[in-house]
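Here the structure is laid out as structure tokens; the discussion comes afterwards.
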């Protein structure tokens, strides 16, 4: 994606995950909004985009953060919301191990208390170390934690998997974490 599309992607993330009211829209209970309504709202609030811009950002986003429902001409963010939405995901059996990339400064806190969702709906986990590295590297110096997902699941903790292969859970207690050096 070029720099302009990166800015568009960030704006869409802000609106579709965190602040739909900032452009005067409401997401439906599952996080969807009609594309024409979103385009009108963005234009009215100083960020004009075309349908081609939206399609290019959705298709070009390396993490596939957004999805389009073509028959109903609507869009939503796949995960990462701080606003209340029900993504309609069914619980899934996780792989044996998942990964979580995070800034190095978080090590002590995470080892003491585990991972919690903070303002988001879920903790986000990656299916492989390489993806977790990309996530962690966004904020500079990082580490990767290995998550014993199989043992967590056996203990009754629930996992969900999004269509873009992000694994979600409510919490990861410290007992299921290890630094992946």
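The values are calculated or read from the model by the stated rules, or taken from the named source; none is laboratory data. Please read all numbers here as calculations on a predicted model, not as lab measurements. Note that we place each Cβ from the backbone using ideal geometry, even for glycine, and neighbour counts take in every protein chain shown.
The set of residues from the range 84-129 being outside any loop (DSSP other than H, G, I, E, B), under 18 Å from residue 178 (Cβ atoms) and more than 16 Å from the chain's Cα centre (by Cα) comprises 103, 104, 106, 107, 108, 109, 110, 111, 112, 113, 129. Please tell me if residue 139 is surrounded by fewer than 18 Cβ atoms within 10 Å (Cβ to Cβ), modelled with pLDDT under 95, assigned to a helix (DSSP H, G or I) and assigned by TED's automatic domain parsing to the domain that holds residue 103. Answer is no for this residue.
Look through the range 142-165, keep the residues that are in a helix (DSSP H, G or I) and in contact (Cβ under 8 Å) with a residue 24 or more places away in the chain, and return whichever of them is surrounded by the most Cβ atoms within 10 Å (Cβ to Cβ). Steps first, answer last, please.
The initial filter retains those residues of the range 142-165 that are in a helix (DSSP H, G or I), namely 149-154.
Filter again for in contact (Cβ under 8 Å) with a residue 24 or more places away in the chain, leaving 149-153.
Values: 149: 23, 150: 15, 151: 13, 152: 21, 153: 19.
So, considering only residues that are in a helix (DSSP H, G or I) and in contact (Cβ under 8 Å) with a residue 24 or more places away in the chain, the one surrounded by the most Cβ atoms within 10 Å (Cβ to Cβ) is 149.
Among the residues of the range 43-61, those that are in contact (Cβ under 8 Å) with a residue 40 or more places away in the chain and either under 14 Å from the mean Cα position of the chain (by Cα) or under 17 Å from residue 25 (Cα atoms) (or both) comprise 49, 54, 61. In the set (1) buried (at least 19 other Cβ atoms within 10 Å of the Cβ); (2) closer than 24 Å to residue 161 by Cα; (3) in contact with a helix residue (DSSP H, G or I) (Cβ under 6 Å, 6 or more places away or on another chain), the condition left unmet by residue 23 is number (2).
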